[in-house]
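A short write-up of the structure that comes next.
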Amino acid sequence: MNWPAVRAIYLFEMARAWRTLLQSLVAPVISTSLYFVVFGAAIGSRLTVVEGVPYGAFIVPGLIMLSLLTQSIANASFGIYFPRFSGTIYEILSAPISPVEIVIGYVGAAASKSIVLGLVILATAALFVPLRIEHPLWMALFLVLTAVTFSLFGFVIGLWADGFEKLQLVPLLIVTPLTFLGGSFYSIDMLPPVWRAISLLNPVVYLVSGFRWSFYGQGDVAVGVSLAMAFLFLLICLGLVTWMFRTGYRLKT
């Protein structure tokens, strides 16, 4: 393993985040705080408790997951797309560094930035509502697993996209709607049976449910199922990245 090369890619991507701190950290925290204030004030005044948890505290895991998914994809997709756009990707491909090391560098940096953002949002939410984390180790596991998985997904999008517009296509039209419909601001048990069954087809439901379980010890689906679905999506993303490097898809053209 060429760790100096991995470290160089990782530190370069992290340095880019510090140069754009307002966009990378401040803006998502403000946006999430606005979600919290609006939903907490508008809905929380009418729906005070959900499954024994105050509504303001109930939506915190969903808000963190919303930011984690979108920022992981954005960080990783832009990180690998820009070298392709500028042509510097050929310098990386011709260097004595393997595809595994390239992925670790880019995905590791994207996941690190998303995890930091998630922790900052968690600390910000604690200023608004009293929080409890019943299973902190499981919370950390879901946080890291989700950040790594969707950073890999963003890496795939960054290789697939042939324009800046496509970088926003999947997050805006697919991931964000699925997150809003995945129980981020409500429990799917509140839905009619038919709609609850349909919601179970949404993979984000399992991520939000598992993450919420780590906070309050209860979720919409069993925590084992949530964990299995998260690992399944991770394996799918790893398979896609492996195939792209083996075939040179959008890397050599």
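The values are calculated or read from the model by the stated rules, or taken from the named source; none is laboratory data. Quantities reported herein were computed from a predicted structural model and do not represent experimental measurements. Neighbour counts are summed over all protein chains in view; Cβ atoms, including those assigned to glycine, are modelled from backbone coordinates with ideal geometry.
Miscellaneous remarks
- So VAL225, is it at pLDDT below 90 and within 20 Å of the chain's Cα centre (by Cα): no
- Pairs linking a residue in the range 169-191 that is on the phi > 0 side of the Ramachandran plot to a residue that is among the polar types (S, T, N, Q) and at pLDDT 80 or above, with Cβ atoms under 8 Å and 6 or more positions apart or on different chains, are GLY183/SER199; GLY183/SER209.
- Residue check for LEU127: at pLDDT below 90, under 20 Å from THR32 (Cβ atoms) and surrounded by 15 or more Cβ atoms within 10 Å (Cβ to Cβ): no
- Test: residue in the range 3-15 that is hydroxyl-bearing (Ser, Thr, Tyr), within 22 Å of the chain's Cα centre (by Cα), within 20 Å of PHE215 (Cβ to Cβ) and at pLDDT 80 or above: no
- For SER187, the requirement of being crowded, with 21+ Cβ neighbours inside 10 Å, among the small types (Gly, Ala, Ser) and over 19 Å from VAL103 (Cα atoms) is not met.
- Within the range 93-113, the set of residues being surrounded by 17 or more Cβ atoms within 10 Å (Cβ to Cβ) and in a loop (DSSP other than H, G, I, E, B) comprises ILE97 only.
- Residues in the range 160-179 that are crowded, with 19+ Cβ neighbours inside 10 Å and over 27 Å from ALA228 (Cβ atoms): ALA161, LEU167.
Matching residues to (1) in contact with a Lys or Arg (Cβ under 8 Å, 6 or more places away or on another chain); (2) farther than 20 Å from LEU178 by Cβ; (3) in a loop (DSSP other than H, G, I, E, B):
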{"position": "ARG84", "(1), (2), (3)": "yes, yes, no"}
{"position": "TYR90", "(1), (2), (3)": "no, yes, no"}
{"position": "ILE115", "(1), (2), (3)": "no, yes, no"}
{"position": "SER151", "(1), (2), (3)": "no, no, no"}
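- Members of the range 126-177 found to be under 25 Å from THR247 (Cα atoms) and among the polar types (S, T, N, Q), listed by number: THR149, SER151, GLN168
- Residue count for the range 192-225, restricted to those that are in contact (Cβ under 8 Å) with a residue 60 or more places away in the chain, under 22 Å from VAL175 (Cβ atoms) and touching a Gly at 6+ places or on another chain (Cβ under 7 Å): 5.
- Test result for PRO136, closer than 28 Å to VAL100 by Cα and either out of contact with any strand residue (DSSP E or B) (no Cβ under 8 Å at 6 or more places or on another chain) or surrounded by 15 or more Cβ atoms within 10 Å (Cβ to Cβ) (or both): no
- Within the range 211-223, not a single residue is surrounded by fewer than 20 Cβ atoms within 10 Å (Cβ to Cβ), out of contact with any helix residue (DSSP H, G or I) (no Cβ under 7 Å at 6 or more places or on another chain) and not in a loop (DSSP other than H, G, I, E, B).
- Of all residues making up the range 194-210, the number that are assigned to a helix (DSSP H, G or I) and either among the aliphatic types (A, V, I, L, M) or under 9 Å from GLY182 (Cα atoms) (or both): 11
- When PHE180 is tested against (1) over 18 Å from MET65 (Cβ atoms); (2) within 19 Å of the chain's Cα centre (by Cα), just one condition goes unmet, and that condition is (1).
- Some residue of the range 163-172 being under 30 Å from GLU91 (Cβ atoms) and small (Gly, Ala, Ser): yes
- Output for the range 144-155, where each listed residue is among the aliphatic types (A, V, I, L, M) and either crowded, with 24+ Cβ neighbours inside 10 Å or under 14 Å from PHE85 (Cα atoms) (or both): ALA147, LEU152
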